[in-house]
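Colleague: This is the structure, below, for whatever I ask next.
The values are calculated or read from the model by the stated rules, or taken from the named source; none is laboratory data. Since the structure is predicted, the reported quantities are computational estimates derived from the model, not experimental observations. All Cβ positions, glycine included, derive from the backbone under ideal geometry; neighbour counts span all protein chains shown.
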Amino acid sequence: MKKIVLMLSCAAMISFVACEKKNDEATVTRKELRDYVDSVKKADAEYSDTYWANVEAGYQSKAVKAEAATINNEEEKKKVEEAKSDFEAYKTKYSEELQKKKDEEVYAKKKAFRDALFGEGKIGADISFAWVDAKNIRSVYENFVNVIDANKDNYSREDWDEIKVLYEALDTRKNEVEKELATKDNLAIAKEKVRFVAIKATNRPMAKAEENSDAKDMDKK
């Protein structure tokens, strides 16, 4: 009888120790998750895809451990869900700021590109050529084609797509002021248009081919 009581006591003690160990593990992993989320929120964030990928990887690792450890502990499980909710809220805020930064970078790049072709601040988001008239349109075409000719080897396919949009908008403006153009200016513009078409025909396909080649090289890595 004493042996049975002793065995039951030992079993109960083992069960108690195991339970305590599980509770300790639940608390530890939950705290690790909570601390990680808090540290991410307080950190001086770098807004980039690489930075967030590292943050997300660290979070997922800790979240999975905490979820597994607290599956039978409702109190700690609730705290884990609170930490996860806080992380998701921060992720939403971070994603908005990251997208804003990306949009600003795209706009800055596009603005610099357009400034190089037409002059500082001449072309806005609406791509308006209202500032071009019969008196200056010849020089606008000449500068446009000269800049493209000088940089033709450095343009990407995306750059050529942007150039096409700008060229067509400039051509639309030419049609609007054509009746006011002097014959010599009209002929000079015609020559620039021929030169532009030749440059584009030679270099845009090359830019596309290089881009496809780069993409294939990346796939091999």
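Colleague: Give the range 55-94 a look and list any residue that's touching a residue at least 40 places away in the same chain (Cβ under 8 Å), touching a Phe, Trp or Tyr at 6+ places or on another chain (Cβ under 9 Å) and over 13 Å from TYR36 (Cα atoms), or say none.
Modeller: TYR94
Colleague: Pull out all pairs, ordered by first then second residue, where Cβ-Cβ is under 6 Å, the residues are six or more apart or on different chains, the first lies in the range 34-54 and is in the same structural domain as ALA66 (by TED's automatic domain parsing), and the second is surrounded by 10 or more Cβ atoms within 10 Å (Cβ to Cβ) and not basic (Lys, Arg).
Modeller: ARG34/ALA83; VAL37/ALA83; VAL37/ASP86; VAL37/PHE87; VAL40/VAL55; LYS41/TYR90; TYR47/GLU97; TYR47/LEU98
Colleague: Another question, if that's okay. If you scan the range 44-65, which residues turn out to be at pLDDT 95 or above and hydrophobic (A, V, I, L, M, F, W, C)?
Modeller: Once the filter is applied, which keeps residues that are at pLDDT 95 or above and hydrophobic (A, V, I, L, M, F, W, C), the range 44-65 yields TRP52, ALA53, VAL55, ALA57, ALA63, VAL64.
Colleague: For a quick check of your reading of the model, give me the residue pairs whose first member lies in the range 172-193 and is in contact (Cβ under 8 Å) with a residue 40 or more places away in the chain and in the same structural domain as ASP149 (by TED's automatic domain parsing), whose second is surrounded by 15 or more Cβ atoms within 10 Å (Cβ to Cβ) and small (Gly, Ala, Ser), with beta-carbon atoms closer than 6 Å and at least 6 apart or on different chains.
Modeller: Close Cβ pairs (under 6 Å, with a partner that is surrounded by 15 or more Cβ atoms within 10 Å (Cβ to Cβ) and small (Gly, Ala, Ser)) amount to VAL177/ALA134; GLU180/ALA134; LEU181/ALA134.
Colleague: Taking the range 31-59 as the search range and keeping residues that are charged (D, E, K, R) and under 16 Å from GLU88 (Cα atoms), which one is surrounded by the fewest Cβ atoms within 10 Å (Cβ to Cβ)? Step through it out loud before you land on a result.
Modeller: Filtering the range 31-59 for residues charged (D, E, K, R) gives 31-32, 34-35, 38, 41-42, 44, 46, 49, 56.
Applying the additional criterion that residues be under 16 Å from GLU88 (Cα atoms) yields 34-35, 38, 41-42, 56.
On the way: ARG34: 19, ASP35: 12, ASP38: 14, LYS41: 14, LYS42: 8, GLU56: 13.
Restricting to residues being charged (D, E, K, R) and under 16 Å from GLU88 (Cα atoms), the top hit is LYS42.
Colleague: In the range 73-91, which residues are assigned to a helix (DSSP H, G or I), touching a Ser or Thr at 6+ places or on another chain (Cβ under 9 Å) and crowded, with 16+ Cβ neighbours inside 10 Å?
Modeller: GLU76, LYS77, LYS79, VAL80
Colleague: Another question, then. Quick check, is TYR107 more than 21 Å from LYS41 (Cβ to Cβ), in a helix (DSSP H, G or I) and aromatic (Phe, Trp, Tyr)?
Modeller: Details: more than 21 Å from LYS41 (Cβ to Cβ): yes; in a helix (DSSP H, G or I): yes; aromatic (Phe, Trp, Tyr): yes.
Considered against the rule, which asks whether it is more than 21 Å from LYS41 (Cβ to Cβ), in a helix (DSSP H, G or I) and aromatic (Phe, Trp, Tyr), TYR107 comes out as yes.
Colleague: Output the number of residues of the range 139-159 satisfying the condition of being under 23 Å from the mean Cα position of the chain (by Cα) and either at pLDDT 95 or above or under 13 Å from ALA116 (Cβ atoms) (or both).
Modeller: From the range 139-159, those under 23 Å from the mean Cα position of the chain (by Cα) are 154-159; that's our starting set.
This time we only want the ones that are either at pLDDT 95 or above or under 13 Å from ALA116 (Cβ atoms) (or both), so: 154-155, 159.
Residues in the range 139-159 being under 23 Å from the mean Cα position of the chain (by Cα) and either at pLDDT 95 or above or under 13 Å from ALA116 (Cβ atoms) (or both): 3 in total.
Colleague: May I pose another question? Restricted to the range 161-187, and to residues that are among the hydrophobic types (A, V, I, L, M, F, W, C) and surrounded by 17 or more Cβ atoms within 10 Å (Cβ to Cβ), which residue is nearest to the chain's Cα centre (by Cα)?
Modeller: Restricting attention to the range 161-187, the residues satisfying the condition of being among the hydrophobic types (A, V, I, L, M, F, W, C) are 163, 165-166, 169-170, 177, 181-182, 187.
Imposing the further condition that a residue be surrounded by 17 or more Cβ atoms within 10 Å (Cβ to Cβ) reduces the set to 163, 166, 170, 181.
Working: ILE163: 23, LEU166: 24, LEU170: 30, LEU181: 44 Å.
Ranking the candidates gives ILE163 first.
Colleague: Then there's this: Mind listing just one residue for me: the one in the range 123-138 that is under 31 Å from the mean Cα position of the chain (by Cα) and among the small types (Gly, Ala, Ser) and, of those, nearest to ALA169 (Cα to Cα)?
Modeller: Our first condition is that a residue be under 31 Å from the mean Cα position of the chain (by Cα); within the range 123-138, this holds for 123-129.
Retained after the next criterion (residues that are among the small types (Gly, Ala, Ser)): 124-125, 128.
Details: GLY124: 12, ALA125: 12, SER128: 8 Å.
Once the filter is applied, the top-ranked residue is SER128.
Colleague: Sticking with this structure for a sec: If you go through the range 92-143 one residue at a time, how many are outside the structural domain of LYS184 (by TED's automatic domain parsing), of a type in the set (Ser, Thr, Tyr) and surrounded by 13 or more Cβ atoms within 10 Å (Cβ to Cβ)?
Modeller: Result for the range 92-143: 1.
Colleague: Shifting gears a bit: Kindly evaluate ASP133 against the criterion of being modelled with pLDDT under 95 and part of a loop (DSSP other than H, G, I, E, B).
Modeller: Working: modelled with pLDDT under 95: no; part of a loop (DSSP other than H, G, I, E, B): yes.
Considered against the rule, which asks whether it is modelled with pLDDT under 95 and part of a loop (DSSP other than H, G, I, E, B), ASP133 comes out as no.
Colleague: Using beta carbons and a limit of 7 Å, which pairs, at least six apart or on different chains, have the first residue in the range 129-152 and closer than 17 Å to ALA190 by Cβ and the second one in a loop (DSSP other than H, G, I, E, B)?
Modeller: Close Cβ pairs satisfying both conditions: ALA134/LEU181; VAL140/VAL132.
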